[in-house]
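FYI, it's all coordinate maths here, none of it is from the lab. This structure is a prediction, so every number in the text was calculated from the model and none was measured. Here the Cβ positions follow ideal geometry from the backbone for every residue, glycine too, while neighbour counts run over all protein chains shown.
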Amino acid sequence: MEFSSFYNYEELQAILGAKIKEMRLSIGRYNQREQAAAAGVPYSTYRLIEQQGRGSIEDFMKILLSMGKVDNLNMLFEKRDDSVMDNFKEVYDKHSPRRMRTSRQRIRS
């Protein structure tokens, strides 16, 4: 799944909630109530996270820890490959016209 700039934050929250649900179902160990208890979050909070992606970062982390899925967060902290952008800047700088400041001439009266 690729996140696009076309998503707003509510859509991203819903995607994260659906991903949590998908992970829980793929593990196949717990229902929602049992997963909430394993994570140490209230059942109503857990249900809201799965349904709408709404919850605190703390609760989100607790859920991932209880599922053994914290390693999935590594992608958030990976170093970006800026070489493409650097290459673009280099080409742009070579071919873009430079703006020159014109000298001001004083008009004497």
statement: Ordered by fewest other Cβ atoms within 10 Å, a rough proxy for footprinting exposure, MET23, MET67, MET75 read MET75, MET23, MET67
- line: Placing each pseudo-label 7 Å from Cα in the direction of the beta carbon, ALA18 and GLU58 end up separated by a distance in nanometres of 2.9 nm
field: Cα-centre dipole for region 9-81 with unit charges at Cβ (Lys and Arg positive, Asp and Glu negative), debye to 20
entry: 200 debye
- request: Pull out a ≥ b ≥ c, the square roots of the eigenvalues of the alpha-carbon gyration tensor of region 9-81, then state rounded if a/c is under 1.5, prolate if not and a/b is larger than b/c, and oblate in the remaining case.
  value: prolate
- prompt: Distance in nm between label sites at ALA37 and ASN8, each 7 Å beyond Cα in the beta-carbon direction?
  reply: 3.9 nm
